[in-house]
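Read the figures in this text as sums done on the coordinates, not as results from a lab. On a predicted model such as this, the values are computed, not experimentally measured, just so you know. Glycine also receives a Cβ, built like all others from the backbone with ideal geometry; neighbour counts cover every protein chain displayed.
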Amino acid sequence: MSKPERKLIDEINPALTSLLYQLADDDFILAYRGSEWLGLAPHIEEDVAFSSISQDTMGHAAMFYQLLQDFGEGDVDHLAHGRKSSERKNAVLLEMVNGPGHYLSTAQYDWAFAVIRNYFYIQSKKIRMDSLKNSSYQPLAEVAVKVNMELYYHLLHWKTWFVQLMEAGGEARSRMEAAVKKTLADFGGVLSLGPLAKEMGEQGLIEEEEILKQRWFLMMKPIFESVNLTVSEADFAMKNGNGRKGEHTADLDAALSTLSEVYSADPAASW
Amino acid sequence: MAETALAALQKVKDPEIDSISIVDLGMVEILEAEVREVTVKLLPTFMGCPALDIIRKNVEAELRKAGVFERIEVQFIHHPPWTSDRVTEKGRKQLKEFGIGPPPKRISETGEWHVECPFCGSAYTTMDNLFGPTACRSILYCKACRNPFEAMKPVSTMM
């Protein structure tokens, strides 16, 4: 088995940093949203599972931030906590609140949205990691191998919830369908590689956006068919903004102010 | 020197499973010990594992205690990735002593895996929760001796 020759990338360039910021910021904010569910998940076993998944996801974000730190982009903690929302490159879908209320008191979080957002995102992340295993940036390829092994369990988890709730009928089905609609309205942002997508492909950092999108469809199609759900490419949109360009919602500002509260109190402190 | 360093690393236990050393967990990828210098490169089991910093500190402390190294360097690396088949035979026994099922050696093509109960050895077990109290463990139940138990999750590059 011989692989086609690929030119390795060994220095910093805008397409590479852009890709790393997207990967890091996506995982970081979704892991944060996941952590807000702690103690509120539908049952105790799910609380254990979801918090474990969020912990893994935060670990993945830390690895991607580490790659940026290695390029002199700044310290990992600063990259995670110290950047303003306009500097963030995560997809808007991943920053949206879990539902009305606050996790400390009046949370009325939407489990259907949690299942759909996580399942659709994790499948997209899995496809990216599979592609990144052949990245021209070797340290990223190595991280992708590691992330991928953990994703296997995440995907299995969310797929199980998805199929069971979709097949449950009644209120479950109607809430799931509403969550699918809400998720797809911003899923275009998740599948986007941003303004430098073309350069990323040309440099062999990751495959082209369109190929990855089609692969997502290919993986999801049999699952959608099995639960009698129709999803078409025309449904993908960026209703609430293009996060890859630094466009974000008030949800992200609120999240950043909460999650960076301790860090901002004394950025030089060692915890 | 290498023997001294290895003996020191054998004393570093998993902070959450104190019967097994990081050597038997298969976390030590590179150990370079010279006259006064030692470099250790470790593979994290799961990336989000909060024990990693503690492990790094404990490795440094044990190597310092050995009294022969002036320069000690401990790093985490990602390549090759840690996989559950890196746990040694001794490590598998030590996990069982702690009440944790060692990771299954084989995963079938359908993704199924079987875990023996660490208490009675029965294969008549069921999965309660793929995710457990730490990133690397699952929660299972033994239908033979009716004990709940934990087992290390298999992780492989085949996944």
*Roughly how many debye, to the nearest 20, is the charge dipole of chain A about its Cα centre, given +1 on each Lys and Arg Cβ, -1 on each Asp and Glu Cβ, and no other charges?*
640
*Based on the Cα atoms of the range B:93-152, what semi-axes does the equivalent ellipsoid have, where each is the square root of 5 times one gyration tensor eigenvalue, given in whole Å with the largest first?*
16, 13, 12
*Let me know the mean shielding of A:149-156 by other chains, meaning the per-residue number of their Cβ atoms within 10 Å of its Cβ.*
5
*Using a simple spin-label model with points 7 Å from Cα along the Cα→Cβ vector, what separation in nm is obtained for A:Leu156 and A:Leu229?*
2.1
_Loop only by DSSP, 10 or fewer other Cβ within 10 Å of the Cβ. Give me the GluC sites (Glu not before Pro) in the range B:1-78 that pass, ordered by residue number._
B:Glu70
*Amide H neighbours of A:Lys239 under 5 Å, counting only residues 5+ apart in sequence or on other chains, H built in-plane at 1.01 Å?*
A:Asp186
*Return P(r) of the range B:2-76 (all Cα-Cα pairs; 10 Å bins starting at 0; whole %; ordered from short to long distances).*
20, 59, 19, 1
*asked:* I need the calculated FRET efficiency for the pair A:Glu199 and B:Gln10, taking r as the beta carbon distance and R₀ as 60 Å, to the nearest 0.05.
replied: 0.75
_Leading residue at positive end of dipole, the protein assembly as shown (Cβ point charges), from A:Leu191, A:Asn118, B:Gly99_ = B:Gly99
*Using a Förster distance of 25 Å, how high is the FRET efficiency between A:Leu218 and A:Lys181, based on the Cβ-Cβ distance and rounded to 0.05?*
0.70
_Suppose only helical runs count, i.e. DSSP H with n ≥ 4. What mean residue ellipticity at 222 nm does that imply for the protein assembly as shown under -39500 (n - 2.57) per run, divided by all residues and rounded to the nearest 500 deg cm²/dmol?_
-15000 deg cm²/dmol
*Say R0 is 35 Å: what FRET efficiency, to the nearest 0.05, do A:Glu11 and A:Asp253 get from their beta-carbon distance?*
0.55
*asked:* How much of the DSSP bridge set in the protein assembly as shown is antiparallel, in percent, rounded to the nearest 5?
replied: 65
*Convert each backbone phi in the range B:134-146 into a coupling constant with the Karplus relation 6.51 cos²θ - 1.76 cosθ + 1.60 (shift: θ = phi - 60°), then list the ³J(HN,Hα) values in order as whole Hz, x for Gly and Pro.*
10, 4, 8, 10, 10, 10, 10, 9, 9, 7, 7, 9, 6
_Calculated log₁₀ intensity ratio I(q)/I(0) where the Debye formula runs over C-alpha points of the protein assembly as shown, q = 0.06, 0.11, 0.12 Å⁻¹_ = -0.27, -0.92, -1.10
*Pick out, from B:Leu25, B:Ile54, B:Thr39, the residue whose Cα sits farthest towards the positive end of the charge dipole of the range B:2-76, with +1 on the Cβ of Lys and Arg and -1 on the Cβ of Asp and Glu.*
B:Ile54
*Using 0.36 nm per residue, how much length does the chain from A:Ile211 to A:Ser105 gain when fully extended, once their Cα-Cα distance is taken away?*
33.8 nm
*Quick one: what are the phi-derived ³J(HN,Hα) couplings along the range B:44-56, Karplus 6.51/-1.76/1.60 with θ = phi - 60°, whole Hz, x for glycine and proline?*
x, 6, 10, 5, x, 4, x, 7, 4, 5, 5, 4, 4
*Under a Cβ-Cβ cut-off of 14 Å, what is the net charge of the residues other than A:Asp27 that fall near it, where Lys and Arg count +1 and Asp and Glu count -1?*
+3
*asked:* Compute, for chain B, the length of the dipole vector about the Cα centre, with Cβ point charges of +1 (Lys, Arg) and -1 (Asp, Glu) only. Units Debye, rounded to 20.
replied: 340
*Can you list residues whose amide H is under 5 Å from B:Asp128's amide H, if they're 5+ apart or on another chain and H is modeled 1.01 Å from N?*
B:Ile139, B:Leu140, B:Tyr141
*Would you mind telling me the antiparallel percentage of the DSSP bridges in the range B:93-152, rounded to 5?*
80
*Working out 0.36 nm times the residue gap between A:Asp47 and A:Val163, then minus their Cα-Cα distance, what length gain in nm do you get to one decimal?*
39.8 nm
*In vacuo Debye scattering of chain B, one point per C-alpha: log10 I(q)/I(0) at q = 0.10 Å⁻¹?*
-0.39
*Taking amide hydrogens as modeled 1.01 Å from N in the peptide plane, which residues meet the under 5 Å criterion relative to B:Val74, leaving out close sequence neighbours?*
B:Val40
*Spin-label pair B:Arg36/B:Arg71, simplified geometry with 7 Å Cα→Cβ offset, distance in nm*: 1.0
*Most positive-pole-ward Cα, A:Met129, B:Met127, A:Leu259, against dipole of the protein assembly as shown from beta carbon charges*: B:Met127
*Residue exposure sequence - B:Met27, B:Met159 - by fewest surrounding Cβ within 10 Å*: B:Met159, B:Met27
*Step through the residues of the range A:86-91 one at a time and calculate ³J(HN,Hα) from phi using the Karplus curve (6.51 cos²θ - 1.76 cosθ + 1.60, θ = phi - 60°), rounding each to whole Hz and writing x for Gly and Pro.*
5, 8, 7, 10, 5, 5
*Once label points are set 7 Å from the Cα along Cα→Cβ at both A:Lys239 and B:Asp53, what is their separation, rounded to one decimal in nm?*
4.0
